1. For residue 135, all conditions in the list (1) more than 26 Å from residue 191 (Cβ to Cβ); (2) in a helix (DSSP H, G or I); (3) modelled with pLDDT under 95 hold save one; what is the number of the exception?
2. Can you find even one residue in the stretch 224-240 that is surrounded by 19 or more Cβ atoms within 10 Å (Cβ to Cβ) and more than 14 Å from the chain's Cα centre (by Cα)?
3. Given the condition part of a helix (DSSP H, G or I) and within 30 Å of residue 100 (Cβ to Cβ), answer yes or no: does some residue in the stretch 187-203 qualify?
4. Yes or no: residue 211 farther than 21 Å from residue 28 by Cβ, in contact (Cβ under 8 Å) with a residue 12 or more places away in the chain, assigned to a helix (DSSP H, G or I) and within 16 Å of the chain's Cα centre (by Cα)?
5. Residues that are modelled with pLDDT under 95 and on the phi > 0 side of the Ramachandran plot: does the stretch 209-216 have at least one?
6. Examine the stretch 167-181 for a residue that is out of contact with any strand residue (DSSP E or B) (no Cβ under 7 Å at 6 or more places or on another chain), over 21 Å from residue 215 (Cα atoms), at pLDDT below 95 and surrounded by fewer than 17 Cβ atoms within 10 Å (Cβ to Cβ), and state whether such a residue exists.
7. Taking residue 138 as the residue in question, decide whether it is touching a residue at least 24 places away in the same chain (Cβ under 8 Å) and either surrounded by fewer than 24 Cβ atoms within 10 Å (Cβ to Cβ) or more than 16 Å from the chain's Cα centre (by Cα) (or both).
């Protein structure tokens, strides 16, 4: 259970899993198998809030509050990666310059625009369908995002030279973590979406392949920021898939 709580603590604001002193690199890498479950907890909380708030509040206000809760529960961790990634994509220069811009703690115009647009798009996607129809996809969105992170770590190389926390994750995550994570994704998807999970998974695989190709072409691999960006993009496309599934 230690590694499950470690995954939950790493991906959310929940203060479980003990201190950092007794956490090894192996613990961090093995904990990635629990990323879909951590996403399921986030999704369950958001879905419950979305359905309950939708009974008493207007659709738009419910969507805004749900997206706000989404950012709070995850401490904006992946949103920060999205902003840094789009700052890197907006740079005119070579690979090294793009990576340097992404490492800069300051956020540029491209990053701000990406974050604002994504939050608006998530809000709009949630506001246009009833909570009873949308909650299964809302539940699966954080699961899909975190499964995609594991898949990227398992199938990509680390883009930067030198050491870094993300490097440990990328080099220590392999086919075992990918297989377990995808199994959990499929199980949670079947429980929430039923047979529709097959179409849902196909959409997510297509998005994943496109993002992986982009990360390889533009950055030479993945970084922590790219993992966060992938999570956010997969979450949003999961919401959009409701228009195909229902």
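1. For residue 135, the failing item is (1).
2. Within the stretch 224-240, none of the residues are surrounded by 19 or more Cβ atoms within 10 Å (Cβ to Cβ) and more than 14 Å from the chain's Cα centre (by Cα).
3. Within the stretch 187-203, not a single residue is part of a helix (DSSP H, G or I) and within 30 Å of residue 100 (Cβ to Cβ).
4. Working: farther than 21 Å from residue 28 by Cβ: yes; in contact (Cβ under 8 Å) with a residue 12 or more places away in the chain: yes; assigned to a helix (DSSP H, G or I): yes; within 16 Å of the chain's Cα centre (by Cα): yes.
Considered against the rule, which asks whether it is farther than 21 Å from residue 28 by Cβ, in contact (Cβ under 8 Å) with a residue 12 or more places away in the chain, assigned to a helix (DSSP H, G or I) and within 16 Å of the chain's Cα centre (by Cα), residue 211 comes out as yes.
5. Within the stretch 209-216 (the criterion being modelled with pLDDT under 95 and on the phi > 0 side of the Ramachandran plot), the answer is no, since none of the residues qualifies.
6. Yes - at least one qualifying residue is present in the stretch 167-181.
7. When the stated conditions are applied, residue 138 does not pass them.
The values are calculated or read from the model by the stated rules, or taken from the named source; none is laboratory data. The structure displayed is predicted, hence computed values, not measured ones. Please note: Cβ atoms are built from the backbone with ideal geometry, for glycine as well, and neighbour counts cover all protein chains shown.
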